[in-house]
Every structure is written in C-alpha cells, then in structure tokens.
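Step one of this worksheet: look at the structure below.
The values are calculated or read from the model by the stated rules, or taken from the named source; none is laboratory data. The shown structure was predicted, so the numbers you read here are calculated from the model rather than taken from an experiment. Counting neighbours? That spans all protein chains shown, and the Cβs are built from the backbone with ideal geometry, glycine included. What goes into the accessible areas is simple: the full protein's heavy atoms, side chains included, and nothing from ligands, DNA or RNA. Shrake-Rupley method; radii C 1.70, N 1.55, O 1.52, S 1.80 Å.
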Amino acid sequence: MALLKKGEKTAESQELGSAESYSGHLLEVDNLKMHFHTKDGIVKAVDGVSYTLDRGETLGIVGESGSGKSVTAMTIMGLIKMPPGKIEGGDVRYKGKSILNLPEEKMRKLRGNDIAMIFQDPMSSLNPVYKIGDQVGEGLRIHKGYSKKEAKEAAIKLLDLVGIPNPSVRVNEYPHQFSGGMRQRVMIAMALACNPDIIIADEPTTALDVTIQAQILELMVEMQEKNGNAIIMITHDLGVVANMADKIMVMYAGAPVEYGSAEEIFYESHHPYTWGLIQSIPEQKMDEKKRLTPIKGNPPSLVDVPKGCSFSPRCPYAQAVCFDKRPEALYVGEGHYCTCHFALDNDFANKFRPKSSRSGDTEFATGEQEHVEGRA
Amino acid sequence: MLKYILKRILQFIPVFIGVTVILFALTNIVPGDPIKLIAGEKSLAPEVELQLRAANHLIKVDDQGLPIFDENGNTIPESTVAQYGYYISDLLHGDLGESYQKKVPVLDIFKDKYPYTIRLAAVAIVIEIIVGIGAGMISAIKRYSFWDVLVTLSTSILVAMPAFWLGMLLQLFFGIKLKEWTGGGFYMPMSGAGGAVSEFQSWMHYILPAITLASVSTAYAARIMRSQLLETLNMDYIRTAIAKGLNSRQVILKHALKNALIPVVTYIGIDFGSMLSGAILTETVFNWPGIGYEIYRAITMRDWPVVMGGVTLVVVVVLVISLIVDISYAFLDPRIRYGNKKEN
C-alpha cells in the first residue's frame, strides 16, 4: 500500500524469512489438530486441517457454527488459550517456517504485522474508550515505530483508503459515533495498517446489513488487488465467498470434508455436505416461490464425534460403510479432495449433485434490491 | 458540558430544601425545650430567658427584636413555618447558629474541625486507590494464583471486620505492643492529631486512623477492580488488541484498565464523599478531632445547631463530590458526553 514502501519490514520479521528464503507457499497448514481439554471430555475443535495459501490468493473456509473454522484461524494467530487448548499435532508454516511453537515475543511481532485479523462483530471489537485514530495507528506505532503524529496521519490515509468520508475529522471520533458498516471498515483499515501478508477475516459480514455486507466484501477484494495480500475468509455462507475465493475449504465437525477451487466446489463438488450447503443458498428467482432446502439435523458434539463419517447421521445417502468407517481424503482432481467413501463414484455425484449456480453470479448480493423490487 | 454542570447545580436546590426540611422537622419533633438545653443545669432569670427565646425566633418579635405580648401579657409562639424561614435565611447568610453547649458559632466549630476530617479522608482515599486498585489488578491478572487467593481472602476478612475493632487492634499492635517490643524506640501514634512535634510526626498520626477508615472500602474497591478487570479482559476488543500484536502489559494497562476503572472510580468517588462526611466510628476510636466525632457529640448532647449545621455542610460536600464524580466519567468514557447527543 501507499503508506509503506514495498519490502519495508522490521528486522524481526526479516528474521522469520524474507521473500527469497522460502520457495514454497506463503502459509501452509499441515494436518493441524487443536483439541480442548474440558471437564466433559476432549473437544476436538480442529481435527486434521490442511491447506496452503499463496500471495494474492483468497481461501474461503465454509462451515456451520462449531465446525472449527474460527478455531483454525485463532490457532494460526496464537490466540487460543493453552490450556484448555492443546495442539495435538500438525504444523503451521509461515514463509516456510513453523510458527506454532514460536516464543510469545516473536509471535507478537507477527501478529498485526505479517498476519492480521478482522473479527466478526465490529460493534464490540473496537475499544469504546479510545479514538478511532489511536486504534488504527496503534499497530504502526508498535511494529513500525511510528510517532504519535505519524501514526495519526497514517490512520487518516488508511481511513480514506477504506472509504470513510471525512477521515481527518473521523479519526478523532470514538467507536460509538460510527455505524456498524463504518466500524467494519475501521477494522479493515486496522488490519491493513502494517501491510500484512495475510488477512484472516472471521465472518466479517455476519453482523452487518445485507447491503453493507456487499460493500465490505467489495472493499476487501479492492484492497487485495491494491496490496497483494492473501485473504482467509471464514464464513458460514457459501454465497459470501462465491465471487471472491480462489479456493474453498468446506469444514464439518472440525475437519475438512471438501477442498478445491471455487469452480470445483460450486460445480463439481462430490461431498453430500457441500451439496447441502449449496442447496441452502437462496435462489434469486422472482416469479417462483421455492422453499429452501435445509440440511436436516444438527452437527455432532465435538466431544463425541460419530465413529464413521462425521456427517453420516445427517447424510441422506449414507450406507452401512459410512457409519462404520471414517472416510479418507480422496483426490477427485488435482488439488481437489473430498472425504467421502463415494467421492470417486462419478455416477453417484452426477445423480445427486444439485444443479446450482453461484449466488449472485453477476455481482455481490445486489440481488437483494432486485428481490424487493420484484415483489413490489 | 457547561450546561450539564449548570443543570446539576440547579438540581441541588430541591435536594437542599428537602434536607433542611427534614433536619428542621426532626429537631423540632424531638422533645425538650431548646432554651433549657442552652441553659444547661443553671436556672435562668426570666428576662434572660425571654431574650433568648426572642433571639432564637421561638416567640414573635417586633422590628427591634423585642418580644411581642398578647392582651394577657403572654408571649406569642412563633409559627413553625416562620421558624424554618428564619433558619433558611440565616443559613443562606452563612449563619449556622451557635452551639448550645460551647456558646460559639457553629461555623467556627466546623472551620476548626473540618481540616482534620479532610486530611484524614485524603490519606484514607490515597490508601484506597493505591491498595484497592493495585490489589484488584494483581488479583485479576494473576487469577487463581497465591496472590489472588490472598487478596480474595483478606478482602473478605476486612469486609467482615468492624472498622472500630480493626482500629482497636491496630492501636494495640502498632501503638502499645510495638512500643514495648522496641523499647519505646518505634511505634505508631494512636490518637489525636495534636501534640506532634514535627511535620513528619503529625503525619504519622494519620496512618492508623486512615488505615482503619479505608479498610472496608479498600476491600470493596479491590473486589470491584478484580471483577471488572476480569470481565473486561474477556471483551472482544481485548482480542483485537492482542491480534494487533500488543504485549500483555499494553493490553492490560492501555486497553483493559481504562474500561475496567469506570465502576471503580464511581465507587471510590462516592466513598470519598462519605469519608468527608466524617467517620464517626473511626474518629471516636482514635479520639480524632474531626466533624464525625463532633456531630456524634452534638447528637448525644442534643446540641441541635451543631447537628443541623454539620449535616447541612455534609450534604453540600456530598452533592459537590458526586457532581465531580459524574464529570470525571466523561473523561474516562467517551460514550458519556453530557449534553451533546451526537450519535449515528
């Protein structure tokens, strides 16, 4: 971004590996397992998650509440309290180096500087007693050694960048003087401040109005084009990542059930759970009333995951083998895997896969407006 | 803001009227002739008694302040409403009357006594702020540690312990026993503020009474601080601050503390107001020449002008302190900006 010259990083972050010293992916998550040891037993919140992320790429992580999406992200950021959390296996590599066992001090240098996070609820994620400008510029002060004045100037530019009108005035205001959408823009500005390589957005639009949701998503794409950062977009709504993700990982009960490019997930998916998610996206047909197709039942308790396929109790196509044996990840294409016993059975997939288009194929969620007009 | 302060000051008027009416009514309801109280054991000559009744607005008087008699030659009792009017009028002129027993203006008594109460309250509040907030913070940050258990336990004990008893224990240990053990070399002064030789020695007198006065509220302040800080540390914006790369000291001291302090400041502020109203128990145990002890003395002696004057003074002080506390919110919490409703 404009505020910082390319490659302007502190000495500490260079220590972790500059662009030259690694050849692989920007971020690699390798069979990550995060379990919580509670009174009621071991909660396997994340149980074997793997993915890779490259510069400029967007990964969508989709799943129901409690499927382990957020815990994966928090584990990468080192935000999980341990105990009760415990890493039971796997690794997270940033620029080729493991960051899971990094000492807290080094991890702090990474947070906000190299990997930044946008949280779900902008109403409660900003400190009510400090000015917006202080909060946006704070990262620059601690990571880049900006003076108070420099940080404020940078904050004004950042607020302008994320489309907050009148930034030189707004910078001195407090969070309660901002609307929800504006606060989420502030959160984005805050995440962008130190020009991080990766931005993890944990359901950034869940708490916002539909029209504002579209604006925020557009803003994130726009910022990504400008800065070339990678995005991990966590959501429970396939529609949100439809137009922005390069790759999508569908999670269920703490583990990925299908992973592939956005095209593959939307048009060539092989997992019945993915189909269920696709079917639950509302269609934009004006003249036809159609009921949504929900996935029946509830996700399993993560203390007591079913013996076989974790989705088997809810899967309409489940066979005896599904209740008995845990399915392996089967590659149905290059970089596209699916953890279903029938993943390689093309007849099965072709027979039951829903015919679905991406939600709002034209543009982001502008359908909402049309929908209203259509009814009138 | 200015408008808010002005509004608050205007609100003082009804409170003030209410308090004076209650005070006046109470002292009138209590049986006993004030003139007899003034006279004490002595019997008064009828002319003197008449003069006193006239001067105290108990009977109707003419322009020269001489008593008016009815056709039978008796004095006419002044109506209660008129008596209240005289009382308020005197009050507004800064005249709180004269002590029945001490025969000096009430205002002079409090001018003399109040500094002791203020200084004692100031020392106590400093203890409360430093120890209360400090212990609460340590307890919250090192939750479930030895220090947390120590703080939780000792605050429970302090809250349960009557202040006067704590005062006596302190006197026993630091005043008497310590003196014995050190052969009179080192001990804490245990009573009164007088008799001090040096400035340092006079301040030493404040330590034990201030600890006694601050004990219960310090324990409460520590508990409020602990629970508030723990609650604040669970907030989403704390997670945001950690995700930004701040260290735990920055997270706690900058992001959590200011939010957690708001209720603590309220409590300490109100407590300071009540300390300035005089601490009857502490002042009595330590024989402290403050207003609490003076009001207590006046009540037992039915010295009504002193009681009324003292309580009125205390009410005004409490009102002003509570206004200051409310104004201080605005500096801690930007969501409270009195008077301007700029929200969107």
Q: Give the cross-link partners of A:LYS307 among the lysines, using a straight C-alpha distance below 21 Å as the criterion and excluding same-chain residues fewer than 8 apart.
A: A:LYS33, A:LYS44, A:LYS296, A:LYS325
Q) Based on the alpha-carbon gyration tensor of the range A:166-230 and its eigenvalue square roots a ≥ b ≥ c, which shape applies: rounded if a/c is under 1.5, prolate if not and a/b is larger than b/c, or oblate? A) oblate
Q) At what distance in angstrom do the alpha carbon centres of the range B:280-313 and the range A:40-117 lie from each other? A) 66 Å
Q) Reachable lysines from B:LYS3, Cα under 21 Å, same-chain residues fewer than 8 places away excluded? A) B:LYS341, B:LYS342
Q: Please tell me the relative contact order of chain A in percent, rounded to the nearest whole number, where contacts are Cα pairs under 8 Å and at least six residues apart.
A: 18 percent
Q | Per-pair calculated FRET efficiency, R0 = 35 Å: A:ARG55 and A:GLU328 via Cβ, rounded to 0.05 | A | 0.70
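Quote to one decimal, in nm, the extra length available between B:HIS93 and B:PHE16 on full extension: 0.36 nm per residue of separation minus the C-alpha distance between them.
So the extension gain works out to 26.2 nm.
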Q: Name the most mobile residue of A:ALA207, A:ALA193, A:ALA320, meaning the one with the largest mean-square fluctuation, in a Gaussian network model of chain A with Cα contacts below 10 Å.
A: A:ALA320
Q: Quickly work out the B:GLU41-to-B:TRP181 label distance, labels modelled 7 Å from Cα along the C-beta direction, and quote it in nm with one decimal.
A: 4.6 nm
**Q.** Interface residues in the range B:228-251 - accessible area drops by 30 Å² or more relative to the isolated chain, probe 1.4 Å
**A.** B:ASP236, B:TYR237, B:ARG239, B:THR240, B:ILE242, B:ALA243, B:LYS244, B:GLY245, B:LEU246, B:ASN247
Q | chain B: most fluctuating residue of B:PRO46, B:PRO115, B:PRO162 per GNM, C-alpha cutoff 10 Å | A | B:PRO46
Q. Considering only Cα-Cα distances, which of the following residue pairs are longer than 31 Å: A:LYS86/B:LYS254; B:LYS42/B:LYS111; B:LYS103/B:LYS179; A:LYS157/B:LYS142; A:LYS95/A:LYS351?
A. B:LYS103/B:LYS179; A:LYS157/B:LYS142; A:LYS95/A:LYS351
Q. With the other protein chains left in place, how much accessible area per residue, in square angstrom, belongs to the range B:106-332 at a 1.4 angstrom probe?
A. 45 Å²
Q) If you put +1 on each Lys and Arg Cβ and -1 on each Asp and Glu Cβ, how big is the dipole of chain B around its Cα centre, in Debye rounded to 20? A) 2120 debye
Q) By DSSP, what percent of the beta bridges with both residues in the protein assembly as shown are antiparallel, rounded to the nearest 5? A) 65 percent
Q.
Once R0 is set to 30 Å, what does the formula 1/(1 + (r/R0)^6) return for the Cβ-Cβ distance between A:SER147 and B:MET1, expressed as a FRET efficiency to the nearest 0.05?
A. 0.50
Q: Take the alpha carbon gyration tensor of chain A, find the square roots of its eigenvalues, order them as a ≥ b ≥ c, and report rounded if a/c is under 1.5; if not, report prolate when a/b exceeds b/c, else oblate.
A: oblate
**Q.** Whichever aspartates and glutamates have a C-alpha closer than 17 Å to that of A:LYS97, once near sequence neighbours (fewer than 8 apart) are set aside
**A.** A:GLU12, A:GLU15, A:GLU20, A:GLU28, A:ASP30, A:ASP54, A:GLU105, A:ASP114, A:ASP197
**Q.** Extension gain, A:VAL169 back to A:GLU263 (0.36 nm per residue minus Cα-Cα distance, nm)
**A.** 29.5 nm
Q. In square nanometres, what is one fourth of the surface area of the convex hull spanned by the alpha carbons of the range B:34-95?
A. 5.0 nm²
Q.
Counting pairwise Cα distances across chain B, what percent come out greater than 38 angstrom?
A. 36 percent
Q: Rounded to the nearest Å, what's the spacing between the alpha carbon centres of the range B:37-73 and the range B:96-133? Just the number, please.
A: 34 Å
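When the helix-only estimate is applied to chain A (DSSP H runs of n ≥ 4, each -39,500 (n - 2.57), divided by the residue count), what is the mean residue ellipticity at 222 nm, nearest 500 deg cm²/dmol?
-9000 deg cm²/dmol
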Q. Using protein heavy atoms only (no ligands, DNA or RNA), what is the total accessible area buried between B and A, 1.4 Å probe, nearest 100 Å²?
A. 2500 Å²
Q: State the percentage of accessible surface on the protein assembly as shown attributable to carbon and sulfur atoms; use a 1.4 Å probe and exclude ligands, DNA and RNA.
A: 59 percent
**Q.** Area accessible to solvent at B:LEU2, 1.4 Å probe radius, in Å²
**A.** 140 Å²
Q: Please work out whether the protein assembly as shown counts as rounded, prolate or oblate from its C-alpha gyration tensor, where a ≥ b ≥ c are the square roots of the eigenvalues and a/c under 1.5 means rounded, while otherwise a/b larger than b/c means prolate and anything else oblate?
A: prolate
Q) Between B:ILE9 and A:VAL210, what FRET efficiency comes out of the Förster formula 1/(1 + (r/R0)^6) with R0 = 51 Å and r the beta carbon distance, rounded to 0.05? A) 0.55
Q) With the other protein chains left in place, how much accessible area per residue, in square angstrom, belongs to the range A:182-341 at a 1.4 angstrom probe? A) 42 Å²
Q: Could you work out how far apart the two model spin labels at B:LEU332 and B:MET301 are, taking each label as a point 7 Å from the Cα in the direction of the beta carbon, and quote it in nm?
A: 4.1 nm
Q | Helix B:80-92 vs. chain B, principal-axis angle (Cα, 0 to 90°, nearest 10) | A | 60 degrees
